[in-house]
Amino acid sequence: MSAPSLNAALLLLADSRLPAGGHGHSGGAEAAIAAGAVRDLPTLAAFLRGRLATSGLVAACLAASACALAASSAGSGTAGDPAGAPPGGWAELDAEAGARTASPAQREASRVQGRLLLRTARRIWPSPVLDGLARAVPEGAHHPVALGAAAGVAGCAPGEAALAAAYAAVTGPATAAVRLLGLDPVAVHRLLADLAPDLERAASTGSGAAASPASVPPPRTAASVWAELPAHSAPALDLLAERHLRAGLRLFVS
Amino acid sequence: MTARAVLATAPGPGGRTVLATMRSAPPITLRRTGPGQVYLVATAAGPLGGDDLALDIDVAPGTALDVRSVASTLVLPGPRPGSAPEESSMTITARIGAGASLRFAPEPTVLAAGCRHRMTVRLELAPDARVLWREEIVFGRYGEAPGRCRTRFDAVVGGRPLLRQEFTVGDPAIDASPAVYGDARCVGGTLITGPPGTAGSGSLLAGEAVIGDGWAVLPLAGPGVLVSALAPDAAGLRRRLERGETAALPR
Amino acid sequence: MGADHDDRHHAPHPHGRALRLGVGGPVGSGKTALTAALCRALGRTLRLAVVTNDIYTTEDADFLRRAGVLDPGRIAAVQTGCCPHTAIRDDIAANLDAVETLEERFGPLDLVIVESGGDNLTATFSRGLADRQIFVLDVSGGDKVPRKGGPGVTTADLLVINKTDLAPMVGADLTVMSRDAAAVREGRPVLFTSIRQEPEAHAVAEWVIGVVEAWAHGHGTGPRGHGHDSGSPGPGHRAGSPGHSHDHTPV
Ligand SMILES: Nc1nc2c(ncn2[C@@H]2O[C@H](COP(=O)(O)OP(=O)(O)OP(=O)(O)O)[C@@H](O)[C@H]2O)c(=O)[nH]1
Ligand SMILES: [Mg+2]
């Protein structure tokens, strides 16, 4: 193999038709619309750009790291023995995701989506690595961690996992906005196309930041690299997520 | 200018806290104003572009420290007008030992037009350390577009990550995003940790988030809460943070 | 019934899990009313749990909890993001998660009812989610609805036509509905109900007991439909005449 191979599994993972519960989440868009902060194409564009630069970038880096960890634990047989102790790394990486998500509503949404994705991925790409992740984080892995692990097991590279995570960070809210505001779906896809360079940048940042226990030369550890992953926060998304949880009328879980 | 100020406590007689080290490094000048209480006093303008400033805080086990400042910090571009501004940086490292408590609540940092600033905070907490750490950032003086600023905040409790946050200010496409700061011109947060029910500053609210107008008390994944707030101006930001702090620490 | 019940508790379950029964149908046809009726009728003899799929709120789950027909903990609500049919057909992950969470918490169970959000005549349950499904229509849409068909009407394991008490008011001819339904359903059962008048919907409950028993004895793993009907040999399996299912005689 000289040229990097193209991985069709990436398309399956990124497709909104992947039956993993994503359709029930708006990534804060429903709350932003309810607050009047997103009301048309320009405000949606600004929302998506900000989301991608913050939680989208963080998700991309976590997903890339999870992908690298999945690949290295599959290769080295450290996926954990089927009945015994959980394999090293997953709980630590998941805790890094939790420390970057201040809002409990967002943590819960992330864990629910991660749990649903892992359930689906384990049936599509059965692997002791995914079983190990489910055991290591019984409350449900954060979504970027589950996504990256699934990508790794499906044979994707860390950069591809990062791209899928960044893509999911903007397509979920975009679809929700089409439904909730009745925006022209073609115009909204145009906004997404405009974000393509930012998506690619997030993917390459993610791939550059990814580390697995196998790839980090001592004395550094994978955990010390994960600690330094980007942590861009979006205070407005935090406030919107908490407000959404308390809204009487809502279509989306988050 | 490169400067590194150091502040360290030690247990004194009768359970009191003494300041074992208090080393000012202009422009960061430290002034003791009471037992276990220190004011940060700026003795020069800035930070200015090119400045590399650091403050190390060590709160010894069982001691208590209260750090404040007299005035807000105005971050200015470097002294070389015309050329691309150099970055200024401020790095604060704090270790808070077992049973120790730290209150760190200086006045806000104001990002003047044209500045390029980096703020790094690293907190290492013992599992039962009590901390109230407030940070406020104001996007430019009145009517002014802010320069650029990147902040990174890492709080680690007993070696486990509690909160990691970065803010980027000064990219107009992101600043005004309804997902990031929306209409706000100020962003702030107060990290509060400590065992629930400890005396002194009341008990730490556990469990559910509390939300108000422009603020929220967010229970973190680890042992602590973050009061997060956005506001149109500095006075409003302080009010919102204080409201959240009160909700988090009912008297 | 009591003896049956005990048998079921002691026999190892051939499927290793409860029967999952989907209850679908258009908005307001009486899905929640039927779910409540089944809980009333079966709650003492079967180990039950319910998942609701609300569109805007958790109203259906709240209604069932308030109705006191089942331990509130055994009722879980799933939110469907504008697309109730997606959540029961194309992407069933959230519903499966809710079902399995209930089974883990309260299991072993005999029956988990999944009520879909009100949708249109094309919304049916995926076989990955529901082992059997009931489609609920009501008479108020007019007696033409069964004739229009659609996958819900034609393929559901049981078609329930509810609110027969309203038939005189809306001028719906139950005999026409019965005949049209039989024509498109190739022998699969149809029951007429008025849950308003008969809050335990006995005929439907009997049909459900039949499918639960068949399930518990390992039947019903084969393909459904097309007269095969292996999973619904229950006492309610009497297609056709609306007069069979309850005392109310059609006008
Ligand atoms: N007259 C009459 N009303 C009924 C009957 N069954 C249900 N209703 C009423 O019809 C209305 C809708 O019933 P639900 O059970 O909430 O219907 P649903 O299909 O669950 O509705 P959605 O979940 O919103 O799609 C309620 O006001 C019920 O009281 C019946 O047999 N006769
Ligand atoms: Mg209902």
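Work out the length of the dipole vector of chain A about its Cα centre, built from +1 on the beta-carbon of each Lys and Arg and -1 on the beta-carbon of each Asp and Glu, and round it to the nearest 20 debye.
My answer is approximately 440 debye.
Note on chain A: with a GNM built from Cα contacts shorter than 10 Å, the maximum mean-square fluctuation among A:237, A:163, A:181 falls on A:181. Placing +1 on the Cβ of every Lys and Arg and -1 on the Cβ of every Asp and Glu, with nothing else charged, gives the range B:2-182 a dipole about its Cα centre of roughly 380 debye.
Farthest towards the positive end of the charge dipole of chain B, among the residues B:61, B:210, B:132, is the Cα of B:61, using unit charges on the Cβ of Lys, Arg, Asp and Glu. For the range A:22-245, what relative contact order do you get, as a whole percent, if you take Cα pairs closer than 8 Å and at least 6 residues apart? This gives 38 percent for the range A:22-245. Each Lys or Arg adds one and each Asp or Glu takes one away; over the other residues whose Cβ falls under 12 Å from the Cβ of residue B:110, this sums to -2. Per residue of peptide A:21-33, the mean number of Cβ atoms on other chains within 10 Å of the residue Cβ is 4. Taking every residue in A:164-171 and counting other chain Cβ atoms within 10 Å of its Cβ, the average works out to 0. Here chain B carries DSSP beta bridges of which approximately 45% are antiparallel, counting only pairs with both residues inside.
What area, in nm² and to one decimal, does the C-alpha convex hull of the protein assembly as shown cast on average over all directions?
If you wrap the Cα atoms of the protein assembly as shown in a convex hull and average its projections, you get 38.3 nm².
Pairs of Cα atoms nearer than 8 Å and 6+ residues apart set the relative contact order; for the range C:19-216 it is 27 percent.
The mean number of partner chain beta-carbon atoms within 10 angstrom of a residue's beta-carbon across peptide B:150-161 is 3. Taking Cα centre as origin and charging only the Cβ of basic (Lys, Arg, +1) and acidic (Asp, Glu, -1) residues, the dipole magnitude of the protein assembly as shown rounds to 1260 debye. Can you tell me which of A:121, A:223, A:176 moves the most in a GNM of chain A? Springs connect C-alpha atoms under 10 Å apart. Greatest mean-square fluctuation among the candidates belongs to A:223.
Put simply, the C-alpha atoms of the range B:114-251 give a gyration tensor, and the ellipsoid matching it has half-axes of 27, 17, 12 Å, longest first. Candidates C:58, A:101, B:37 compared by Cα position along the dipole of the protein assembly as shown: farthest toward the positive end lies B:37, with charges placed on Cβ.
Take the protein assembly as shown with all the other protein chains still there, run a 1.4 Å probe, and you get 40 Å² of accessible area per residue.
Considering chain A as a Gaussian network with a 10 Å cut-off on Cα pairs, which listed residue, A:164, A:53, A:68, attains the greatest mean-square fluctuation? Result for chain A, Cα springs under 10 Å: A:53 fluctuates most. Using a simple spin-label model with pseudo-atoms 7 Å out from Cα toward Cβ, residue B:145 and residue B:122 lie 3.5 nm apart.
The values are calculated or read from the model by the stated rules, or taken from the named source; none is laboratory data. Not measured: the values here are computed from a predicted model. Cβ: placed from backbone, ideal geometry, glycine included. Neighbour counts: every protein chain shown. Areas reflect the complete protein model, heavy atoms only, side chains present, ligands, DNA and RNA absent. Shrake-Rupley method; radii C 1.70, N 1.55, O 1.52, S 1.80 Å.
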